[in-house]
Amino acid sequence: MAIDKRFINQIIKVSSKAALASSFLVGKKDKIAADQAAVDAMRSELNKIDMNGKVVIGEGSLDKAPMLYTGELLGNKNGDSFDIAVDPLEGTNFAANNLPGAISVIAIAEKGNLFNAPETYMDKIATCNVEKGLIDLDNPLKKNISNLADFMKKDISSITACILDRPRHKKIIDELKELKVKLKLITDGDVLGALYVSNPKYNVDIFLGIGGGPEGVLAAAALDSYNCHFQGRFIFDNDKDINDAKQMGIKDLNKKYEINEIVKGDSIFCATGITTSDFLSGVEIIDNNYTSETLVTHKNSNFKEIIKKTDPIIE
């Protein structure tokens with residue numbers, strides 16, 4: 001079943017209002033306040049929508065997050081039932097320090113169709129649409145890169161890989177350098193990092209490495225509409241995470257998840273720029289109006305666009 005297209009503009013409003021609220025705190029060196037502003041605005045907008053919404057990926061469990069917590073029910077309790085995944089402010093450090101790449105993110109799917117990801121790390125890999133088995137988490141890195149280069153009819157030295165610049169990735173980064181692969185190192189924001197593979201204009205051929213599991217689900221929701229390849233495997237390396245996973249019904253702790261297992265059926269994804277990046281322009285405020293740019297995908301209608309809107313700050 002498809003999600004009605006009327007929800008597209010409503011979900012754009014959710015992410016753009018969250019982006020606006022956070023934008024007032026850009027450069028203020030307070031990432032907690034910037035995040036809280038986005039959370040408050042996003043929750044307020046979601047509660048105006050005719051829906052029965054349930055947060056499956058949010059700010060954390062109820063004891064950690066009083067709002068937009070995993071399991072919270074949102075909407076005015078009328079209409080369709082949705083799973084909701086949110087990251088009201090991805091790139092809290094970017095917002096706090098007025099650096100490129102802070103975004104506000106939300107995805108919705110029909111009830112039961114978004115994977116309820118545990119709050120743990122995920123090993124992930126994303127590329128353009130490739131033949132099944134060509135790019136795989138279980139392949140050696142060199143094999144994935146050479147397979148991708150052959151598939152794209154490129155030299156390995158022309159392949160660009162995006163990866164979080166973290167100590168845990170030193171071995172991967174060193175091997176990519178040995179292979180003469182071009183690197184796009186990012187300091188935060190691995191939803192945005194994964195989205196770079198969605199369009200050749202961003203000059204990123206592969207996104208890989210270990211990042212947040214919930215962010216993996218959000219990225220998959222967008223990449224699904226682009227028919228991209230995405231694969232993820234959660235990392236359970238302590239007793240608490242293992243117990244949490246079992247309570248969530250995850251039986252195979254080493255399972256690789258394909259994109260159609262993470263996002264089933266139709267979905268809407270929105271990411272609104274807070275600070276300008278090479279993907280999205282940040283919020284601009286002139287007088288009593290604000291202009292925002294939002295990447296929107298609606299899988300069923302094959303709608304994939306960056307929408308620029310100017311709206312009044314106070315309606």
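Derivation of every value follows stated rules applied to the coordinates shown; laboratory data play no part. Every value quoted in this text rests on a predicted model; they were computed, and no experiment measured them. Cβ coordinates were reconstructed from backbone atoms using ideal geometry, including for glycine residues, and neighbour counts include every protein chain displayed.
According to a simple spin-label model (label point 7 Å from Cα along Cα-to-Cβ), what is the distance in nm between residue 142 and residue 261?
The two pseudo-label positions are separated by 2.9 nm.
Taking the chain as a Gaussian network, where each spring joins two C-alpha atoms under 10 Å apart, which residue of 151, 207, 82 fluctuates the most?
So, out of 151, 207, 82, the one fluctuating most is 151.
Just the ratio, please: alpha-carbon radius of gyration of region 170-306 over 2.2 N^0.38 Å, N its number of residues.
In units of the 2.2 N^0.38 Å rule of thumb, it is 1.21.
So for the pair residue 202, residue 152, with labels modelled 7 Å out along Cα→Cβ, what separation do we get in nm?
1.3
So if each residue of separation counts as 0.36 nm, and I subtract the Cα-Cα distance between residue 235 and residue 251, what length gain in nm does that give? Don't skip to the end; give the middle numbers.
Numbers: separation 16, 0.36 × 16 = 5.76 nm, distance 1.34 nm.
Residue separation times 0.36 nm, minus the Cα-Cα distance, leaves 4.4 nm.
Which of the peptides 260-273, 2-15 is most tightly packed, and how do the rest follow, going by the mean number of other Cβ atoms within 10 Å of each residue? Each step should come with its number before you reach the end.
Details: 260-273: 23.1, 2-15: 18.6.
The peptides rank, most packed first, as 260-273, 2-15.
Given charges of +1 on the Cβ of Lys and Arg and -1 on the Cβ of Asp and Glu, with all other atoms neutral, how large is the dipole of region 121-262 about its Cα centre, in debye to the nearest 20?
360
Under a point spin-label approximation (7 Å from Cα along Cα-to-Cβ), what is the residue 308-residue 5 distance to one decimal in nm?
Distance between label points: 2.3 nm.
For the chain, modelled as a Gaussian network with Cα springs under 10 Å, which listed residue fluctuates most, 85, 65, 18?
So, out of 85, 65, 18, the one fluctuating most is 65.
Straight-line reach from residue 5: which aspartates and glutamates have Cα under 15 Å away, leaving out those fewer than 8 places along the same chain?
Straight-distance partners of residue 5: 50, 80, 110, 266, 305.
Most mobile of 87, 165, 287 per a Gaussian network model of the chain (Cα springs, under 10 Å)?
Of 87, 165, 287, the most mobile in the Gaussian network model is 287.
Magnitude of the Cβ-charge dipole of region 46-195, K/R +1 and D/E -1, about the Cα centre, nearest 20 debye?
In total the dipole reaches around 480 debye.
Kindly state, as a whole number, the per residue volume in cubic angstrom of the convex hull around the alpha carbon atoms of region 37-86.
With only Cα atoms used, region 37-86 gives 56 Å³ per residue.
Determine by what factor the alpha-carbon radius of gyration of the chain differs from 2.2 N^0.38 Å, reporting the quotient.
Rg over 2.2 N^0.38 Å, computed on Cα atoms: 0.96.
For the chain, with the dipole built from +1 on Lys and Arg beta-carbon atoms and -1 on Asp and Glu ones, taken about the Cα centre, which of 79, 176, 291 lies farthest toward the positive end?
Sorting the options by dipole projection puts first 176.
Pull up the DSSP beta bridges for region 121-262 and report the antiparallel fraction as a percent, rounded to 5.
The antiparallel fraction comes to roughly 70 percent.
Would you please give the FRET efficiency between residue 62 and residue 134, computed as 1/(1 + (r/R0)^6) with r the Cβ-Cβ distance and R0 = 41 Å, to the nearest 0.05?
For R0 = 41 Å, the calculated efficiency reads 0.50.
Within 10 Å of each residue's Cβ, count the other Cβ atoms and sort 20, 99, 253 from fewest upward. Mind dumping the intermediate values first?
Working: 20 22, 99 18, 253 14.
The most exposed by this proxy come first: 253, 99, 20.
Would you list, by chain and number, the lysines whose Cα falls below 21 Å from the Cα of residue 28, excluding same-chain residues fewer than 8 positions away?
Filter leaves 17.
If I take R0 = 25 Å and measure r between the Cβ atoms of residue 172 and residue 119 in this structure, what FRET efficiency does the formula 1/(1 + (r/R0)^6) give, to the nearest 0.05?
Calculated value: 0.60.
Looking at the chain, send over the antiparallel percent of its DSSP beta bridges, to the nearest 5. Please list the in-between numbers first.
Working: 50 of 63 bridges.
So the antiparallel bridges amount to about 80 percent of the total.
If R0 is 30 Å, what FRET efficiency do you get for residue 315 and residue 30 from their C-beta distance, rounded to 0.05?
0.70
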